[in-house]
Amino acid sequence: MRVLFVATSYPENAGDWRGRFVERLLNTLSMKKSLEISAWAPLGAHPQNARFDLTDSDAKWLKKLSDQGGIAHQIKSGPLKAARWGCELLVRLHRAFQRNGHADIYHINWLQNALSVPNNGKPLLISVLGSDLKLLRLPGMIRALQYQFRRHPVVLAPNNAWMVPLLVQSFGDVARVRAVKFGIDENFYKITRNISSKPRIWLVVSRLTHDKLGPLFEWGKDCFGPDDQLHLLGPNQGGVRIPDWVNHHGPCGLEDLKQRWFPEISGLISLSAHSEGMPQVILEAMAAGVPVIASPIDAHRDVIRHGENGWLAGSREQFVSGLKWLSDENVNLKAGNAAKGAIRSSFGTWEDAAERYMEIYEELSKPR
């Protein structure tokens with residue numbers, strides 16, 4: 001089966017945080033002997049069995065797009081910037097789809113990348129993330145996607161079940177909607193924690209924007225100090241002013257999380273108010289046995305059982321209570337073990353995720 005795999009984000013090297021789920025999924029799918037995969041995505045560490053189908057011009061343009069925060073960041077920057085970058089993306093993608101007219105299936109990551117699919121009747125599997133739902137608020141976007149989907153067999157695959165009703169409401173008459181969970185690197189499950197009691201280390205891994213950070217600095221102002229340190233990993237895309245009591249380290253790669261951070265931290269914190277699909281770093285932390293304190297948005301409530309494998313905080317008082325709860329080492333380790341078991345049984349590995357996608361490939365390949 002010949003698959004064209006499309007993404008506008010991909011890690012440039014092992015330390016790059018961008019598009020890590022794309023890399024892991026592409027790597028795992030490329031090991032399937034029944035698949036022949038071409039990828040249109042920013043250049044990075046190539047999977048051995050996948051071919052990157054990029055012109056030199058595409059490669060340079062995608063790198064420039066990635067360096068400037070990606071297409072979602074351009075959409076937030078204003079209508080003129082969004083239109084300029086969006087139009088060029090669609091033109092380049094249209095040419096890539098035409099070059100790969102021999103493909104049996106187009107596997108497209110992010111809804112906007114489906115807008116330029118030619119009218120050739122090819123089946124589409126579209127991975128949908130939480131950020132895509134903001135795209136649907138743009139005038140005419142739902143209608144444009146409906147027009148595209150009517151001309152193809154389509155499965156929309158959000159990475160979290162909470163998005164299913166919203167997608168069915170918009171596209172239920174022109175596409176099938178099925179939640180498909182991502183997987184976790186096996187090595188996260190193998191991490192042994194040796195948490196620090198003095199000082200306790202609390203970690204946030206996020207792009208730095210006001211939506212992604214939520215009320216973190218407001219609520220944490222008097223909670224952190226020498227005995228409870230707050231460390232922040234991620235690029236400052238939103239030009240956020242970082243208080244001097246926060247330890248900001250910039251972006252980090254998977255190996256840093258596995259080897260340096262997750263074995264010793266007391267908890268991961270995510271107070272995001274962003275439209276999250278299913279934050280991969282939360283799944284990775286829980287798979288490593290790290291309990292999470294998180295805002296009660298749908299994506300977090302889907303995996304965190306309050307007071308069992310983590311803590312949901314909708315107010316400053318609840319946030320402070322969560323920190324206190326996890327400061328007890330025995331409680332912390334028990335919650336972490338419960339988190340690891342829940343993620344293992346529900347999400348599994350990237351191999352499990354690849355099998356979930358393979359089932360949809362097979363379904364789409366059958367004659368209608």
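For the reader, a short list of remarks on this structure follows.
- Applying the condition of being surrounded by fewer than 19 Cβ atoms within 10 Å (Cβ to Cβ) and of a type in the set (A, V, I, L, M, F, W, C) to region 316-341 and asking which residue is nearest to the chain's Cα centre (by Cα) yields Ala338.
- Within region 24-51, being more than 22 Å from the chain's Cα centre (by Cα) and either basic (Lys, Arg) or not assigned by TED's automatic domain parsing to the domain that holds Asn113 (or both) holds for Lys32, Lys33, Arg51.
- Selected residue [farther than 29 Å from Lys181 by Cβ and touching a strand residue (DSSP E or B) at 6+ places or on another chain (Cβ under 6 Å)] from Phe217, Phe224: Phe224
Quick grid of which residues meet (1) under 21 Å from Phe97 (Cβ atoms); (2) surrounded by fewer than 19 Cβ atoms within 10 Å (Cβ to Cβ); (3) of a type in the set (Lys, Arg):
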site	(1), (2), (3)
Leu26	yes, no, no
Leu29	yes, no, no
Ser34	no, yes, no
Ser38	yes, no, no
Leu43	yes, yes, no
Lys60	yes, yes, yes
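- In this structure, Val117 does not satisfy being surrounded by 20 or more Cβ atoms within 10 Å (Cβ to Cβ) and under 20 Å from Ala354 (Cα atoms).
- Restricting region 223-258 to residues that are assigned to a strand (DSSP E or B) and among the aliphatic types (A, V, I, L, M) leaves a set whose member that is surrounded by the most Cβ atoms within 10 Å (Cβ to Cβ) is Leu232.
- Odd one out for Ala299, checked against (1) in contact with a Phe, Trp or Tyr (Cβ under 8 Å, 6 or more places away or on another chain); (2) among the aliphatic types (A, V, I, L, M); (3) without any contact (Cβ under 8 Å) to a residue 24 or more places away in the chain: (3)
- Under the condition of being of a type in the set (S, T, N, Q) and over 16 Å from the mean Cα position of the chain (by Cα), the residues counted in region 260-304 number 2.
- Flag for Asp173 being of a type in the set (D, E, K, R) and modelled with pLDDT under 95: no
- Every residue from region 155-179 that is surrounded by fewer than 20 Cβ atoms within 10 Å (Cβ to Cβ), under 21 Å from Met358 (Cα atoms) and out of contact with any helix residue (DSSP H, G or I) (no Cβ under 6 Å at 6 or more places or on another chain): Ala161, Val164, Arg176, Arg178
- Of note, Gly307 satisfies the criterion of being surrounded by fewer than 15 Cβ atoms within 10 Å (Cβ to Cβ), of a type outside the set (A, V, I, L, M, F, W, C) and at pLDDT 95 or above.
- A single member of Ala313, Ala287, Ala294 is crowded, with 17+ Cβ neighbours inside 10 Å, under 24 Å from Ala45 (Cβ atoms), at pLDDT 95 or above and in contact with a Phe, Trp or Tyr (Cβ under 9 Å, 6 or more places away or on another chain), and it is Ala287.
- Criterion (farther than 20 Å from Arg20 by Cα and under 18 Å from the mean Cα position of the chain (by Cα)) met by exactly one of Asp244, Asp222, Asp211, Asp228: Asp211
- Here is the figure for region 20-42: residues that are over 15 Å from Ala354 (Cβ atoms) and touching a residue at least 40 places away in the same chain (Cβ under 8 Å) total 3.
- Selection of helices (runs of 4 or more DSSP H) fully inside region 175-222 by the criterion of at least 1 residues being touching a Pro at 6+ places or on another chain (Cβ under 6 Å) and in contact (Cβ under 8 Å) with a residue 12 or more places away in the chain returns 216-220.
- Subset tally (residues that are in contact with a strand residue (DSSP E or B) (Cβ under 7 Å, 6 or more places away or on another chain) and either under 30 Å from Val281 (Cβ atoms) or assigned to a strand (DSSP E or B) (or both)) for region 144-174: 11
Here is a yes/no grid of residues against (1) under 17 Å from Thr192 (Cα atoms); (2) out of contact with any Asp or Glu (no Cβ under 9 Å at 6 or more places or on another chain); (3) part of a helix (DSSP H, G or I); (4) of a type outside the set (Asp, Glu):
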{"position": "Pro296", "(1), (2), (3), (4)": "no, yes, no, yes"}
{"position": "Val303", "(1), (2), (3), (4)": "no, yes, no, yes"}
{"position": "Gly314", "(1), (2), (3), (4)": "no, yes, no, yes"}
{"position": "Gln318", "(1), (2), (3), (4)": "no, yes, yes, yes"}
{"position": "Trp325", "(1), (2), (3), (4)": "no, yes, yes, yes"}
{"position": "Val331", "(1), (2), (3), (4)": "yes, yes, yes, yes"}
{"position": "Ala339", "(1), (2), (3), (4)": "yes, no, yes, yes"}
{"position": "Ile343", "(1), (2), (3), (4)": "yes, no, yes, yes"}
{"position": "Ala353", "(1), (2), (3), (4)": "no, yes, yes, yes"}
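The values are calculated or read from the model by the stated rules, or taken from the named source; none is laboratory data. Worth saying up front: this structure is predicted, and the values here are computed from it rather than measured. Note: ideal-geometry Cβ built from the backbone for every residue, glycine included; neighbour counts use all protein chains shown.
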